[in-house]
Amino acid sequence: MTGLTFVDVCSGAGGLALGLERAGFEPRLLLDDDRDAVATLRTNRPRWNVLHTDLLDFDPAERPAAYDVDLLAAGLPRVKSSATVGRTDSRAEERLLEATVYLVHAIRPRAVLIENVPGLAHLDAYRQFRDFARAELEHLDYEFSWFVVNAVDFGVPQSRKQGVLVAVERGRSKPFRPPGPAVREPTTVGTTLGPSMASRGWQDAARWAAQADRPAPTLVGGSKNRGGADLGPTGAKRTWATMGVNAHSLGDRVPGPDFVWDPALGRDHMVKITADQAALLQSFPESWKIAGLKTSRYRQIGHATPPPVGEALGRAVAAALEGDPTASAAG
């Protein structure tokens, strides 16, 4: 697969863009409104064309690189559930979804990829957006699919369901097929983080890793209006506790040789996950540097599309655009 191009909006820490790059796509333009996220992208890929701007302020007429691309990709901040409809941040995220669809009018990519919460693909709470997207994309003569993928099926050590919209120009492609699972057995938290937990001489790292014998719950980046970083809602924190992890805050560094791990004694004797380890749970490569302070770094990580998921989706889109049925298999 060569020669495919994309524009990525709300790029964040670059998980979706990195996955698309692995799938053979070349970025023409990436944009995000967060200064630290832009720094992350520029640090890791200095040659990428990264624009620091809000999607709602973006005018492609001022950026010719956005035109004549194969794919418009958007790993958008996750819209809230129906319980939070009407909140300011919820409406702002809905506007980003709408703006992405309107951007299709302007740049007319051959395909569109939008990733968000799993409910966006099927729940009644999001029917209004699905109806809006259907009307706009059918008018532009795209064929489209809504479906849900789980990152754990692609080797990511995390149960993370994502609702996905893929639309492909009618008559210029083979039918799009969503990617199927790429692994038979899930990757566990202990397998992924065991080496880093042992890196400062903590003697109980192996015992802890044996107890952390399942994928992580979904990492949640949270809103800029929230306080410090934690590993998710109450249910997720309970799951982390069964793995001997204090999920109420992030750690600054992994345990040292004197750390006493005994979950029966309470949170102070549970390990904490660091931002770097959270990035590993999203399957970012260790070489990928996340810019900013701890809370900003975790927010970027928690909102990211895991790169293996981005790669699988990219290969499936490429298979449709190029008519290569073998390219949709995850690799």
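Listing for the model above:
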item	result
Matching residues, the range 94-117, being part of a helix (DSSP H, G or I) and hydrophobic (A, V, I, L, M, F, W, C)	Leu96, Leu97, Ala99, Val101, Leu103, Val104, Ala106, Ile107
Conditions (1) assigned by TED's automatic domain parsing to the domain that holds Arg78; (2) under 30 Å from Val260 (Cβ atoms): number failed by Ala216	(1)
Selected residue [on the phi < 0 side of the Ramachandran plot, touching a residue at least 24 places away in the same chain (Cβ under 8 Å), surrounded by 22 or more Cβ atoms within 10 Å (Cβ to Cβ) and not assigned by TED's automatic domain parsing to the domain that holds Leu281] from Pro109, Pro118	Pro109
Test: residue in the range 261-277 that is closer than 17 Å to Ser159 by Cβ, more than 22 Å from the chain's Cα centre (by Cα) and at pLDDT 95 or above	no
Residue tally, condition among the charged types (D, E, K, R) and closer than 23 Å to Leu293 by Cα, over the range 229-267	4
Inter-residue pairs, beta-carbon under 7 Å, first more than 16 Å from Pro109 (Cβ to Cβ) and in the range 126-151, second of a type in the set (Lys, Arg) and outside any helix (DSSP H, G or I), 6+ apart	Val148/Lys161; Asn150/Arg160; Asn150/Lys161; Ala151/Arg160
Test: Trp240 is crowded, with 18+ Cβ neighbours inside 10 Å, part of a helix (DSSP H, G or I) and not polar (S, T, N, Q)	yes
Members of the range 189-203 found to be hydroxyl-bearing (Ser, Thr, Tyr) and part of a helix (DSSP H, G or I), listed by number	Thr191, Thr192, Ser196
Output for the range 1-37, where each listed residue is more than 16 Å from the chain's Cα centre (by Cα) and surrounded by fewer than 22 Cβ atoms within 10 Å (Cβ to Cβ)	Met1, Thr2, Gly3, Leu4, Thr5, Gly24, Glu26, Arg28, Asp33, Arg35, Asp36
Residue tally, condition loosely packed, with under 15 Cβ neighbours inside 10 Å and either among the small types (Gly, Ala, Ser) or part of a helix (DSSP H, G or I) (or both), over the range 133-163	3
Of all residues in the range 41-82 being of a type in the set (Val, Ile, Thr), touching a Ser or Thr at 6+ places or on another chain (Cβ under 9 Å) and at pLDDT 95 or above, the one that is nearest to Gly232 (Cα to Cα)	Val50
Some residue of the range 287-304 being farther than 24 Å from Val9 by Cα and surrounded by 21 or more Cβ atoms within 10 Å (Cβ to Cβ)	no
Residue satisfying condition, being aliphatic (A, V, I, L, M), under 30 Å from Leu4 (Cβ atoms), surrounded by fewer than 18 Cβ atoms within 10 Å (Cβ to Cβ) and out of contact with any strand residue (DSSP E or B) (no Cβ under 9 Å at 6 or more places or on another chain), within set Ala182, Ala210, Ala198	Ala182
Residue ID - modelled with the lowest pLDDT, chosen from residues in the range 186-228 that are closer than 21 Å to Lys294 by Cβ and hydrophobic (A, V, I, L, M, F, W, C)	Val220
Yes/no for Glu136 being under 24 Å from Ala304 (Cβ atoms), modelled with pLDDT of 90 or more and touching a helix residue (DSSP H, G or I) at 6+ places or on another chain (Cβ under 7 Å)	no
Matching residues in the range 13-56 - criterion: being more than 25 Å from Val317 (Cα to Cα) and either among the basic types (Lys, Arg) or free of Cβ contacts under 8 Å to residues at least 12 places away in the same chain (or both)	Arg35, Arg42, Pro46
Top-ranked residue of the range 278-331 - restricted to ones that are part of a helix (DSSP H, G or I) and acidic (Asp, Glu), ranked as modelled with the highest pLDDT	Glu311
Any hit, the range 252-264, residues being touching a helix residue (DSSP H, G or I) at 6+ places or on another chain (Cβ under 6 Å), closer than 21 Å to Ala279 by Cβ and either surrounded by 15 or more Cβ atoms within 10 Å (Cβ to Cβ) or not assigned by TED's automatic domain parsing to the domain that holds Arg110 (or both)	yes
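The values are calculated or read from the model by the stated rules, or taken from the named source; none is laboratory data. As the structure is a prediction and not an experimental result, all values here were calculated from the model. Because the Cβ atoms are built from the backbone with ideal geometry, glycine has one as well, and the counts that use them run over all protein chains shown.
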